[in-house]
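Worksheet: one structure, shown below.
The values are calculated or read from the model by the stated rules, or taken from the named source; none is laboratory data. Being a predicted model, the structure only gives us computed values, none of them experimental. A quick note on method: Cβ atoms are made from the backbone with ideal geometry, for glycine too, and the neighbour counts reach across all protein chains shown. What goes into the accessible areas is simple: the full protein's heavy atoms, side chains included, and nothing from ligands, DNA or RNA. Shrake-Rupley method; radii C 1.70, N 1.55, O 1.52, S 1.80 Å.
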Amino acid sequence: VGTLAAEPSMAAVNSMERRKFVGKSVDLGWGRVYGGQTMAQGLSACQQLAGSGRTVHQFHCHFLRGGDTQQDIEFDTEQLTNGRSFSAMHVRAIQNELPILVMTASLQTPEEGLTHQQAAIEKVWGRPSELRSVQEHMAPLLSKIPASVRSLYEKQLPIEMRPSTFISPFDASPSSPVGAIWMKATSPLPDETNIQQLLLTYLSDWGMQQPAVSPHNVAMWDPLLQVVSLSHSVHFHRPFWLDKQWLCHTMLSPTSANGRGFTIGEFWTEDGTLVASTSQEVLIRQRQKKG
């Protein structure tokens with residue numbers, strides 16, 4: 001999970017020709033490209049096409065195919081509009097001449113305007129100083145974790161994550177369709193809004209599937225359970241600095257139906273400032289046992 005924070009260029013894409021970019025795939029051990037990586041790289045392509053002076057305020061994407069970790073990803077971008085205040089972009093992430101992700105994003109020149117915030121972060125989520133890291137929670141379970149992803153849970157990563165309530169991925173007990181994870185980079189990051197947005201995009205895909213699975217009698221890592229991201233969106237509201245402050249991603253799944261689970265989320269600072277909102281829909285299927 002900490003790959004991007006360790007080296008922000010992991011989310012970068014290099015220009016191949018006009019409107020075309022290429023990014024490296026990173027293998028986290030899951031057998032396919034982590035969705036947060038593809039989203040962050042697609043967003044980076046949008047930022048480069050828009051140029052300096054504009055920052056992303058919203059994007060939405062659809063995951064079409066699993067990404068191959070052994071191949072680079074090409075990003076074909078198109079500028080749909082370029083007005084005085086806003087630019088709209090369309091991106092296709094491509095492998096083997098087929099799209100694995102499509103994204104639309106809107107960027108804005110920063111400006112002053114009316115400001116309000118309806119609610120503050122709930123105390124039930126605790127504070128990071130009171131909570132244990134994911135690695136501490138997972139330590140007793142290391143022997144059960146697949147070797148391909150064990151390193152994500154047995155050593156300290158450049159992004160520290162502290163769940164408000166820990167649910168073992170092997171626990172099939174039903175629980176409330178909610179969750180919250182505090183996150184912070186452990187090393188300094190470039191003092192640039194675009195880089196901070198890429199990191200939050202990368203992290204926003206982590207843990208959003210859990211609330212949609214929690215109410216059901218099935219473990220997140222049940223080998224018969226198929227959970228695949230279908231779509232994802234992020235709205236950026238206010239500036240934030242993930243290397244200087246803790247952010248809490250609070251998540252709620254209001255419904256699961258027709259083989260799909262839906263989760264909405266919010267990123268909060270410790271002082272109760274809402275900096276971003278998220279949503280995700282996932283495919284949830286229980287395979288039948290053979291024999």
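Key figures
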| quantity | calculated |
| --- | --- |
| Three-way shape label, the stretch 232-291, alpha-carbon gyration tensor, a/c 1.5 | prolate |
| Efficiency of FRET between Leu141 and Lys289 - r from beta-carbon atoms, R0 22 angstrom, step 0.05 | 0.40 |
| Three semi-axes of the equivalent ellipsoid, the stretch 170-291, Cα gyration tensor, whole Å, largest first | 30, 13, 13 |
| Among Ser279, Ser87, Val56 - extreme Cα towards positive end, dipole of the chain, charges at beta-carbon | Ser279 |
| Prolate/oblate/rounded call for the stretch 142-205, Cα gyration tensor, a/c under 1.5 rounded | oblate |
| Residue with peak Gaussian network fluctuation, the chain [Cα springs, cutoff 10 Å], from Asp191, Asp27, Asp243 | Asp191 |
| Cα-Cα over 31 Å, subset of Lys20/Lys244; Lys123/Lys289; Lys24/Lys244; Lys24/Lys184 | Lys20/Lys244; Lys123/Lys289 |
| For the stretch 12-89, accessible area per residue (1.4 Å probe, heavy atoms of protein chains only), Å² | 49 Å² |
| Partners for Lys290 among lysines (Cα-Cα distance below 16 Å; same-chain residues under 8 apart left out) | none |
| Candidate aspartates and glutamates for bridging to Lys144, where Cα separation is under 14 Å - those fewer than 8 sequence places away on the same chain excluded | Glu154, Asp171, Asp222 |
| Whether the stretch 1-146 is rounded, prolate or oblate, judged on the alpha carbon gyration tensor where a/c under 1.5 counts as rounded | oblate |
| Relative contact order of the stretch 153-281, pairs being alpha-carbon contacts under 8 Å that are 6 or more residues apart, as % | 27 percent |
| Rounded to the nearest 10 Å², the accessible area of Leu80 at probe 1.4 Å | 90 Å² |
| Exposure rule at most 14 other beta-carbon atoms within 10 Å, DSSP loop chymotrypsin sites (Phe, Trp or Tyr not before Pro): the chain longest free segment | 31-169 |
| Residue of Gly36, Gly51, Gly23 that the Gaussian network model of the chain assigns the largest fluctuation, springs spanning Cα pairs under 10 Å | Gly51 |
| Over the chain, relative contact order from alpha-carbon pairs under 8 Å, at least 6 apart, % | 18 percent |
| Contact order normalised by residue count of the stretch 110-214, Cα under 8 Å, 6+ apart, percent | 25 percent |
| Charge sum, other residues only, whose C-beta stays under 15 Å from Glu130's C-beta, Lys/Arg counted +1 and Asp/Glu -1 | +1 |
| Interatomic Cα distance distribution for the chain, bins of 10 angstrom, percent | 6, 28, 37, 23, 6, 0, 0 |
| Stokes-Einstein D (µm²/s) once Rh is taken as the Kirkwood radius of the stretch 191-252 over alpha-carbon pairs, at 4 °C in 1.567 mPa s | 93 µm²/s |
| Estimated Rh, the stretch 78-216: Kirkwood, alpha-carbon pairs, angstrom | 18.8 Å |
